[in-house]
1. Working carefully through the options 109, 69, find the one that is away from the ligand (no atom under 14 Å from the Cβ), crowded, with 17+ Cβ neighbours inside 10 Å and of a type in the set (A, V, I, L, M, F, W, C).
2. Filter segment 50-65 for residues that are within 24 Å of residue 145 (Cβ to Cβ), among the charged types (D, E, K, R) and without any contact (Cβ under 8 Å) to a residue 40 or more places away in the chain and give the result.
3. Pairs please, first residue from segment 100-116 and in contact (Cβ under 8 Å) with a residue 40 or more places away in the chain, second anywhere and part of a loop (DSSP other than H, G, I, E, B) and near the ligand (Cβ under 6 Å from one of its atoms), Cβ atoms under 6 Å, 6+ apart in sequence or on different chains.
4. Look at segment 41-66 and say how many of its residues are of a type in the set (Lys, Arg) and either within 15 Å of the ligand (Cβ to nearest atom) or modelled with pLDDT of 90 or more (or both).
5. What about residue 135, is it closer than 25 Å to residue 57 by Cβ and free of Cβ contacts under 8 Å to residues at least 12 places away in the same chain?
6. When the residues of segment 72-87 are filtered to those that are within 19 Å of residue 104 (Cα to Cα) and without any contact (Cβ under 8 Å) to a residue 40 or more places away in the chain, which remaining residue is nearest to the ligand (Cβ to nearest atom)?
Amino acid sequence: MPSWSEQPAPTTVAHSGANGFTRRVYERSVTSDADRTPVYVQWLITPPDKRLLDQHDPGYWPPLKDDEVLLEFAYTFTPFRGLGVMTDAMGQLLRVGAALGAKLALTYVLSDNIPSLRGCAKVGFDLDHVKAVSRRLGVHRSEIRPSSDADLQCWQQATAP
Ligand SMILES: CC(C)(COP(=O)(O)OP(=O)(O)OC[C@H]1O[C@@H](n2cnc3c(N)ncnc32)[C@H](O)[C@@H]1OP(=O)(O)O)[C@@H](O)C(=O)NCCC(=O)NCCS
């Protein structure tokens, strides 16, 4: 298990900084091991950050209230997978979100992404609702609906001890 900490992104992996949003949030959330090898990255998105996401992809992300944050785009670099990195790092980002005043954190995961669902469950996420995304003429549209019994069963199976 690498020992890692929150650090500014090494320039070698800061290539995704196509705009201020990506760079700023990336720097906040990238983690690396003692040799500064990138281990994990995830975006903690506050309401002001989300406006930039919306500009990039209108309609894709549901509304975010002032006291809510989104945790998205989790990625553990392959040599470090299955070591508990996501669980640890996402937990840290949740604490950062709480320190920024968030009362609720949202994250969206595809229903067949078992490692991600398990990692989210481990840091305290529960199934609340379902987001269905469609795309028409190149424009995304998100629909939020309450979770069904089938969704709940899927969640419980994926996250069972
Ligand atoms: C999803 C992802 C971030 C998980 O990162 P990770 O650091 O390997 O996760 P952890 O080691 O903390 O494991 C989290 C949970 O998933 C389980 N898990 C990890 N890899 C798994 C696998 N291949 N199959 C099934 N379960 C797996 C772990 O056992 C753990 O659950 P448990 O402790 O209750 O058993 C990583 O697989 C990844 O980057 N995937 C590609 C990008 C992606 O899908 N991102 C998520 C977008 S929502």
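The values are calculated or read from the model by the stated rules, or taken from the named source; none is laboratory data. What you see is a predicted model; the values in this text were computed from it and never measured. Cβ atoms come from the backbone with ideal geometry, glycine included; neighbour counts cover every protein chain shown.
1. 69
2. 50, 54, 65
3. 116/109
4. Final tally of qualifying residues: 1.
5. For residue 135, the condition - closer than 25 Å to residue 57 by Cβ and free of Cβ contacts under 8 Å to residues at least 12 places away in the same chain - is met.
6. Looking at the filtered set, the residue picked out is 87.
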